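The values are calculated or read from the model by the stated rules, or taken from the named source; none is laboratory data. None of these values were measured; they are calculated from a predicted model. Here the Cβ is made from the backbone with ideal geometry for all residues, glycine too, and neighbour counts use every protein chain on show.
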Amino acid sequence: MNDKKAPPISIVVFIDALGWEVLKGRRFMEDRLPFRRKLRSVFGFSSACIPSILTGKMPRDHLHWSFFYYSPETSPFKPLRLLGLLPSSLIDRGRVRNLISKLIKRLYGYTGYFQLYNIPFQYVDKFDYCEKNDLFVPGGMNRSQNIFDHLSHAGVTYHVSDWRKCEEDNLDALKSDLEKGEIAFAFLYMASMDALLHEVGKESPRVDQKLAWYEAQLENVLQIASTHYEQVRLFICSDHGMATVHTSIDLMSKIEALGLVFGRDYTATYDSTMGRFWFHNPTARKPIVALLEQVPEGRILSQEELKRLGCDFEGDQFGELIFLMEAGTLIVPSHMGLKPITGMHGYHPDHPDSDASLLSNVEPPNDPGAITDIFHLMRAESGA
């Protein structure tokens, strides 16, 4: 019987929304993972943060940010405009939207995460969508290479979770590959903490229960890996944190009260934490700017600040004007949701609730300080 163990393995566990402030005051895996760092996130939602983790690039470089952007010339959603003739009481139901989203994803062959959310169907033909491809495979990025491109080019045998599956299935798949002892690197994707924090907020005891579950599962992963590998280097990382929502504002109604015509004078998307605007004539910008400057719950981001945040996109792809809410303030209704929720992210990276986390059982390489550094950590650990 051959009892020889495989060479060391590095396992990176991604736990969505496990922010530094979420962990504050909690002793999650402190003994196992004594090396603990706060990481600066990037501006945007997970649709921006995860590509930055996978590429080591800022959003302007990989071209993933908010899902929808104004581009009527390239919009694939023109046939959906007819759905705008149906009563909103039907087509704005969550289950109906999910069903339509699944159908469109299948018909168009999209392999990435796709959801129509609450984009109005009468205007959907004015927008294109930025995440049509699976981010977790080689060639998955709009621009730049991801870690899986590098692993493949280097011939590294690796495991990566299927982000479409539940956490239990992804844990089982990783354990199965670990028992074979043939992989040199693993990326475990765990997404449900994000949904829980949106629902209950970071102070809830349900968060402690979820962390206890993660700890038990990862202890089992470590036990299995230690049986088959000489050394197990474990890293837990996240993309952002979660702020507790305390204020809601109906920004959409304020803009509509100006009397400008959506689609003719301006186009906007109302994400949960920001309004993004495109102007189609010189008279539309001035009243919108004047109104936004009177909204104390948010502020217009200058082009200089967007550049510092790595979100100065060519041709103002994701908005000519970005109005960002203060942390804890939610736009309701928005094109992302119609009702208030308890927790939200997507605020300014300077706010403490935006900070991500990195926990490990060894000193992480390359002195990481931001989520973009996780890419460089993964390259170093995998030997890619």
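Looking at F77, F68, F43, F28, just one residue is over 26 Å from Y113 (Cβ atoms) and crowded, with 16+ Cβ neighbours inside 10 Å, and that residue is F28. When D373 is evaluated against the numbered criteria (1) outside the structural domain of D149 (by TED's automatic domain parsing); (2) touching a Leu at 6+ places or on another chain (Cβ under 8 Å), which criterion, by number, is the only one it fails? It fails just one condition, (1).
Selection within the stretch 80-113: residues that are of a type in the set (V, I, T) and farther than 21 Å from K165 by Cα. The member of this set that is surrounded by the most Cβ atoms within 10 Å (Cβ to Cβ) is I91. The number of residues in the stretch 111-131 that are assigned to a loop (DSSP other than H, G, I, E, B) and either under 26 Å from I15 (Cβ atoms) or of a type in the set (A, V, I, L, M, F, W, C) (or both) comes to 11.
Scanning the stretch 210-245 for residues that are aliphatic (A, V, I, L, M) and loosely packed, with under 14 Cβ neighbours inside 10 Å turns up A212, A216.
Considering each of L85, L80 in turn, give the residue that is more than 28 Å from D316 (Cβ to Cβ) and of a type in the set (A, V, I, L, M, F, W, C).
On the way: L80 fails: more than 28 Å from D316 (Cβ to Cβ).
Result of the check over L85, L80: L85.
Only one of S334, S272 is among the small types (G, A, S), in a loop (DSSP other than H, G, I, E, B) and touching a Phe, Trp or Tyr at 6+ places or on another chain (Cβ under 7 Å). Can you tell me which? So that I can check it myself, show each step before the final result.
On the way: S272 fails: touching a Phe, Trp or Tyr at 6+ places or on another chain (Cβ under 7 Å).
Residue meeting the stated conditions: S334.
Within the stretch 356-366, one or more residues are in a loop (DSSP other than H, G, I, E, B), at pLDDT below 95 and in the same structural domain as S52 (by TED's automatic domain parsing).
Looking only at the stretch 179-202, which residues are closer than 23 Å to C49 by Cα and charged (D, E, K, R)?
To start, the set of residues in the stretch 179-202 that are closer than 23 Å to C49 by Cα comprises 185-202.
Passing the criteria: D194, E199, K202.
Is it true that some residue in the stretch 275-297 is out of contact with any Pro (no Cβ under 8 Å at 6 or more places or on another chain), among the aromatic types (F, W, Y), buried (at least 22 other Cβ atoms within 10 Å of the Cβ) and within 30 Å of D373 (Cα to Cα)? Full working, then the answer.
Narrowing the stretch 275-297 to residues out of contact with any Pro (no Cβ under 8 Å at 6 or more places or on another chain): 275-297.
Cutting the leftovers down to among the aromatic types (F, W, Y) gives us 277-279.
Imposing the further condition that a residue be buried (at least 22 other Cβ atoms within 10 Å of the Cβ) reduces the set to 277.
Then drop every residue that is not within 30 Å of D373 (Cα to Cα), which leaves none.
For the stretch 275-297, residues out of contact with any Pro (no Cβ under 8 Å at 6 or more places or on another chain), among the aromatic types (F, W, Y), buried (at least 22 other Cβ atoms within 10 Å of the Cβ) and within 30 Å of D373 (Cα to Cα): absent.
If you check D134 against the conditions, is it outside any helix (DSSP H, G or I), touching a strand residue (DSSP E or B) at 6+ places or on another chain (Cβ under 9 Å) and crowded, with 17+ Cβ neighbours inside 10 Å? Even if it seems obvious, please write down each step before you answer.
Details: outside any helix (DSSP H, G or I): yes; touching a strand residue (DSSP E or B) at 6+ places or on another chain (Cβ under 9 Å): no; crowded, with 17+ Cβ neighbours inside 10 Å: yes.
The answer is no for D134.
Taking the conditions (1) at negative phi; (2) not in a helix (DSSP H, G or I) in turn, S144 satisfies each one other than (1). Residues that are farther than 17 Å from I300 by Cβ and buried (at least 22 other Cβ atoms within 10 Å of the Cβ) within the stretch 335-356 comprise H335, M336, G343, M344, H345, D353, S354, D355, A356, listed in sequence order.
Residue count for the stretch 195-209 under the criterion of being loosely packed, with under 13 Cβ neighbours inside 10 Å and polar (S, T, N, Q): the result is 1. Given the condition more than 30 Å from G155 (Cβ to Cβ) and assigned to a strand (DSSP E or B), answer yes or no: does some residue in the stretch 288-299 qualify? Within the stretch 288-299, one or more residues are more than 30 Å from G155 (Cβ to Cβ) and assigned to a strand (DSSP E or B).
Of all residues in the stretch 216-233, none satisfies being under 19 Å from F28 (Cβ atoms), in the same structural domain as L18 (by TED's automatic domain parsing) and under 22 Å from the mean Cα position of the chain (by Cα).
Residues in the stretch 365-384 that are more than 22 Å from the chain's Cα centre (by Cα), surrounded by fewer than 21 Cβ atoms within 10 Å (Cβ to Cβ) and not hydrophobic (A, V, I, L, M, F, W, C): 4 in all.
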